[in-house]
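As structure tokens, the structure follows; a few thoughts come after it.
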Amino acid sequence: MSTPKIIAGPCVIESAELLDVVAAQLQKINERLGTNIIFKASFDKANRTSIHSFRGPGLEKGLQMLADVKAKYGLQLLTDIHESWQAAPVGEVVDVLQIPAFLCRQTDLLVAAAKTGKTVNIKKAQFLAGRDMRYPVEKAREAGAHEVWLTERGNMMGYGNLVVDFRNIPDMLQIVPTVVMDCTHSVQRPDAQGGKTGGDRRFVPQMALAAKAFGATGYFFEVHPDPDRGLSDAANMLELDKLEGLIKELIK
């Protein structure tokens, strides 16, 4: 059995210091476990609940900070894009362009990401079934994407919670060979209390292990050395010091 793809990093670029702390730990885990963790952080969180929420350093500064991580730690990079014009400059820096779940049906965004020649990771929308993701994949492939991944992150349940139907994983494996479980966003509780999304990180390990049982070939974790002080997705980010033990369970 091949080693699963692991994606990890803070939700948003808060500072160069935070990126260094997380990247240094991911590099050590790679050395100890023989993994190839892909470093993830967002330069702009364009879909925050409140207009007053922290969004990140922006495209130019954010890409430079990500490039510094790659140069210093030798990690592959993943980040998300929200507008078509961002694809080309982002593709010059990162290895994987991620399409946010809410935007997975945006044709121009998918086409622009595909045209970079980089891997495209499409997150399944909260309003779609896994089998429906063949259409976004088709858009990306017909635009020239050589490698497309799909990511499960839960479906809306009522107005204030998510539910994960793990049957989406084998359904999506019929479309692409790489299906990633987003183990942290799937424990969100998007009820916008106080103008921000809630969540419960206690269930992150169970989400990962359940996804493994359903055949997931990759795992996505937003991690932070002090999640409760994180500037985005604080409630569902996993503590950085718990990541290695969980990865060991997943690659046994």
Listed peptides 89-96, 108-115 by packing density, highest first (mean Cβ within 10 Å):
108-115, 89-96
Probe of 1.4 angstrom, ligands and nucleic acids ignored: what's the accessible area per residue over the chain, in square angstrom?
45
In nanometres, the difference between 0.36 nm per residue of separation and the alpha-carbon distance of residue 167 and residue 36 is 44.5 nm
Given the rule -39500 (n - 2.57) for each run of at least 4 DSSP H residues, summed and divided by the residues of the chain, what is its mean residue ellipticity at 222 nm, to the nearest 500 deg cm²/dmol?
-9500 deg cm²/dmol
Note the per residue figure in Å³ for the convex hull of the C-alpha positions in the range 151-252.
92
For Cα extents along the principal axes in Å, the listed values are [x] 51, 44, 43; [y] 62, 50, 27; [z] 43, 40, 36; which was obtained by calculation from the structure presented?
[z]
Taking a crude spin-label model, label points 7 Å out from Cα along the C-beta direction, the residue 128 to residue 213 distance in nm is 2.7
The chain: antiparallel bridges as % of DSSP beta bridges, rounded to 5, reads 15
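The values are calculated or read from the model by the stated rules, or taken from the named source; none is laboratory data. All values reported here derive from a predicted model rather than from experimental measurement. As a convention, Cβ positions derive from the backbone with ideal geometry for all residues, glycine included, and neighbour counts pool all protein chains shown. Just so you know, the surface numbers come from the protein's heavy atoms only, side chains and all, with ligands and any DNA or RNA stripped out. Shrake-Rupley method; radii C 1.70, N 1.55, O 1.52, S 1.80 Å.
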